Amino acid sequence: MKILVTGGVGFIGSHTVVELQEKGHDVVIIDNLSNSSEGVLKGIVAITGIVPEFVKLDLRDKADVSAFFETHEIDGVIHFAASKAVGESVDNPLLYYENNISTLIYVLQELEKHQISNFIFSSSCTVYGQADELPITENALVKKAASPYGNTKQVGEEIIKDVCHISKQLNAIALRYFNPIGAHPSAEIGELPLGIPQNLVPYIMQTGIGVREELSVFGGDYPTKDGTCVRDYIHVVDLAKAHVVAMERLLDSENSENFETFNIGTGKGSTVLEVIESFERVTNTVLNYKIVPRRAGDVTAAYADTTKVKSELGWSAQSSLDEAIKSA
Ligand code: UFG
């Protein structure tokens, strides 16, 4: 089976390519390398011994996307390629709507044209905003998104749902990730953001090795056990495996419904200070950090109810926070 992985050179994409190859799937990657580097492909080969086909292509170029599908026979698509910095999306909404929505439409048009049935969409727990109840189930109310980035994930899911509704052939799954962290145990691939990290764990790592001077902890006055925000941090390898299981469900379409959503998290919430403690414990070092005012747009707490994904996909996260931090 040939699986197209868009954004397959990125953080989650590259780990998913490895897991797909290890399960015997043939992978072709599309990436424009806007937030990743081609060296990641060498890491993939070092782990699996298999060279994935790589096509450097910008999904915003509709003609190139069409040409790709004309020349490749694809059985399923995992669509990671997107921009993901919340703050940047507030400053440049059109960039986000173009990068995340136009490209999704172009890919879906090609699926329709070429009768490709199996589609997995990278969604996010950001679709829930600050949920009324914790842990968050897939049925939680989807509230107005706090950022254009979050809106692209909400609208993206709606677009796919509408297409599935009228399509005779398309089956799709949206995976709503909580907070992916960590790296492949080989350390051949990992999270390597270009520029200053926006997310907590890469920022902690760069502070730990002295690339950054000090971590700013955004907000110490939230109504949580230690005053810092709570998130559900999931090891990226566990997350990657969820994609393989979801794709196999689609390929074996007797099991799948037309459009489904699943939470992909551990079910356990950790505060920012607990993540720092984990880092200090597993590396036996002291992290330089200070508590600063809250960051705009952060919700107080988010962690997953994983009942549905366990029962329907038979998937659950295996790694602890310490294991994920150690791998990072
Ligand atoms: N945080 C800090 N200091 C930092 C960075 C983050 O204290 O330097 C805190 C945040 O305030 C938050 C927690 O660490 O409480 C996690 O923040 P991240 O930026 O790592 O992740 P978010 O929970 O903000 O998640 C966001 C989006 C997700 C998206 C993810 C990765 O909501 O949809 O970023 O891009 F998937």
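The values are calculated or read from the model by the stated rules, or taken from the named source; none is laboratory data. The structure presented is a predicted model; accordingly, all values stated were derived computationally and were not measured. Every residue, glycine as well, gets a Cβ built from its backbone with ideal geometry; the counts of neighbours run over all protein chains shown. Note: accessible area is taken over every heavy atom of the protein model, side chains too, but ligands, DNA and RNA are not part of it. Shrake-Rupley method; radii C 1.70, N 1.55, O 1.52, S 1.80 Å.
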Item checked: Computed over the chain: relative contact order in percent, which uses C-alpha pairs under 8 Å that are six or more apart -> 20
Notebook entry, point to check: In nm, to one decimal, how far is the Lys42 label point from the Asp132 one, both placed 7 Å along Cα→Cβ?
Noted result: 5.4
Note to self: For Lys290, project a label point 7 Å along Cα to C-beta. Then give me every residue of the stretch 214-249 with its amide nitrogen under 18 Å of that point.
What the structure shows: 214-221
Note to self: Hydropathy at least -1.0 by Kyte-Doolittle, axial extent at least 20 angstrom from the Cα trace: which helices of the chain, defined as entire DSSP H runs, fit?
What the structure shows: 148-166, 236-251
Notebook entry, point to check: What is the calculated FRET efficiency for Gln206 to Lys144, with r their C-beta to C-beta distance and R₀ = 35 Å, to the nearest 0.05?
Noted result: 0.60
Note to self: What number does the stretch 42-88 give for Rg over Rh if you use C-alpha atoms and the Kirkwood radius?
What the structure shows: 1.05
Margin query: Please compute the alpha carbon radius of gyration of the stretch 210-292, then divide it by the globular-protein estimate 2.2 N^0.38 Å. Two decimals is fine.
Written below: 1.54
Item checked: Expected-Rg normalisation [2.2 N^0.38 Å, Cα atoms] applied to the stretch 275-328 -> 1.56
Checklist line | Anchor Lys326: aspartates and glutamates whose Cα lies under 15 Å away (excluding residues fewer than 8 positions away in-chain) | finding: Glu188, Glu191, Asp238, Glu274, Glu277, Glu280
Margin query: I'd like the FRET efficiency for Glu22 and Glu112, computed as 1/(1 + (r/R0)^6) with the beta carbon distance as r and R0 of 22 Å, rounded to 0.05.
Written below: 0.10
Next item on the list: Work out the P(r) tail for the chain: percent of alpha carbon pairs separated by more than 35 Å, whole number.
Entry: 16
Notebook entry, point to check: For the chain, what % of the accessible area comes from carbon and sulfur atoms, probe 1.4 Å?
Noted result: 49
Check: Tell me, what are the semi-axes, in whole angstrom and largest first, of the equivalent ellipsoid of the stretch 9-79 as set by the roots of 5 times the Cα gyration tensor eigenvalues?
Finding: 20, 15, 10
Item checked: Probe 1.4 Å, accessible area per residue of the chain, Å² -> 45
Checklist line | Residue-level accessible surface for Leu95, protein heavy atoms, 1.4 Å, Å² | finding: 50
Next item on the list: With all protein chains present, calculate the accessible area of Glu260 using a 1.4 Å probe and round the result to the nearest 10 Å².
Entry: 10
Notebook entry, point to check: Considering only DSSP beta bridges whose two residues both sit in the chain, what percent are antiparallel, to the nearest 5?
Noted result: 5
Item checked: Accessible area in the full protein assembly, largest first, 1.4 Å probe, for Val299, Val217 -> Val299, Val217
Next item on the list: Go through Met1, Met205, Met247 and list them by solvent-accessible area, largest first, probe radius 1.4 Å.
Entry: Met1, Met205, Met247
Next item on the list: Specify, per residue and in Å³, the volume enclosed by the convex hull of the alpha carbon atoms belonging to the stretch 20-130.
Entry: 133
Check: Expressed in nm², what is the orientationally averaged projection area of the convex hull enclosing the Cα positions of the stretch 47-193?
Finding: 10.6
Notebook entry, point to check: In sequence order, what are the phi-derived ³J(HN,Hα) couplings for the stretch 53-61 according to the Karplus relation 6.51 cos²θ - 1.76 cosθ + 1.60 with θ = phi - 60°, rounded to whole Hz, with x for glycine and proline?
Noted result: 5, 10, 10, 7, 8, 9, 5, 6, 8
Notebook entry, point to check: Within the stretch 111-142, which GluC sites (Glu not before Pro) sit in a loop by DSSP and count at most 15 neighbouring Cβ atoms inside 10 Å?
Noted result: Glu133
Next item on the list: May I ask you to rank Thr285, Thr207 by accessible area, largest first, using a 1.4 Å probe over the protein chains only?
Entry: Thr285, Thr207
Next item on the list: Could you tell me the accessible area of Tyr97 in Å² (1.4 Å probe, neighbours in place), rounded to the nearest ten?
Entry: 80
Checklist line | Cα radius of gyration and Dmax for the stretch 105-262 (Å) | finding: 18.3, 55
Next item on the list: Tell me what the chain gives for mean residue ellipticity at 222 nm when only DSSP H runs of n ≥ 4 count, each as -39,500 (n - 2.57), the sum divided by the residue total, rounded to 500 deg cm²/dmol.
Entry: -11000 deg cm²/dmol
Checklist line | Modelled FRET efficiency - R0 25 Å, Asp58 with Asn258, Cβ distances, 0.05 increments | finding: 0.25
